[in-house]
Amino acid sequence: SSTRLSVLRILPRLLLALVLLPALALPALAAEAITSFASATTLAVDGSVEVTETIAVRAEGNLIRHGIFRNLFTVLRNDDGSKYYSDLKVLDVERDGQPEPYSVSAITNGRQIRIGDADTYVTDGPHTYVIHYRLSRMARFFADHDELYWNVTGNFWDFPILKATATVTLPAGAKISQLAA
């Protein structure tokens with residue numbers, strides 16, 4: 001009858017819509033993000049840290065066009081309000097297992113590592129950046145304890161960090177008396 005004929009006409013359109021609907025959602029799922037941020041930090045007896053960050057990103061040509069930025073605070077405050085300065089030395093930078101150009105510039109209370117080449121676009125899709133650097137004077141020494149205050153992922157990323165992990169290696173004999181995360 002006519003009802004059966006109407007259902008047969010609508011059914012192919014409904015099936016097509018169900019097939020195409022997930023495809024329409026793919027751009028929303030593919031938004032730029034840090035899919036994984038893994039930090040390995042080694043604290044030395046002199047208070048310096050050596051850090052290797054492995055940052056996996058999904059680039060879509062929006063904010064990640066030529067590379068990424070890593071902002072690090074190198075001007076800290078003591079309890080009395082005085083400033084405490086740290087020196088940054090970048091040891092090496094890679095993208096997808098290959099050396100990647102970078103530059104370091106001053107920002108308010110720190111340094112910015114600009115990773116990538118202004119003349120080269122990063123292809124869309126997943127990329128892994130590895131940043132290896134050293135910061136002096138990151139531990140503070142007190143009469144009854146020493147302190148490492150470490151903001152693992154940093155601030156001011158323009159896209160979400162979906163997963164972050166941190167490993168901190170202390171000098172031989174050091175004991176953790178308090179931990180906050």
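Data overview
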read-out	value
Reach of Lys83 by Cα under 17 Å, taken over aspartates and glutamates that are not fewer than 8 positions away in the same chain	Glu147
In Hz, Karplus ³J(HN,Hα) per residue of segment 141-157 (6.51, -1.76, 1.60; θ = phi - 60°; x = Gly, Pro)	10, 10, 4, 10, 6, 10, 9, 10, 9, 10, 8, 4, 8, x, 10, 6, 6
Inter-label distance, nm, simple model (7 Å from Cα along the C-beta direction), Tyr84/His66	3.5
For segment 78-128, alpha-carbon Rg relative to the globular expectation (2.2 N^0.38 Å, N residues)	1.58
Per-residue SASA entry for His132, accessible area with 1.4 Å probe, Å² rounded to 10	40
Ranked order, Tyr84, Tyr121, Tyr129 - accessible area, probe 1.4 Å, largest first	Tyr121, Tyr84, Tyr129
Total formal charge among the other residues, if their Cβ is under 15 angstrom from that of Gln98, Lys/Arg +1 and Asp/Glu -1	-4
Net +/- balance of residues flanking Ile64 in space, Cβ distance below 10 Å, scoring K and R +1, D and E -1	-2
Using a Förster distance of 35 Å, the FRET efficiency for Glu94-Ala180 (Cβ separation, nearest 0.05)	0.65
Accessible area, probe 1.4 Å, largest first, for residues Glu94, Glu100	Glu94, Glu100
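The values are calculated or read from the model by the stated rules, or taken from the named source; none is laboratory data. Since the model is a prediction, treat every value here as computed from it, not as a measurement. Please note: Cβ atoms are built from the backbone with ideal geometry, for glycine as well, and neighbour counts cover all protein chains shown. In case anyone asks, the SASA skips ligands and DNA or RNA and just uses the protein heavy atoms, side chains included. Shrake-Rupley method; radii C 1.70, N 1.55, O 1.52, S 1.80 Å.
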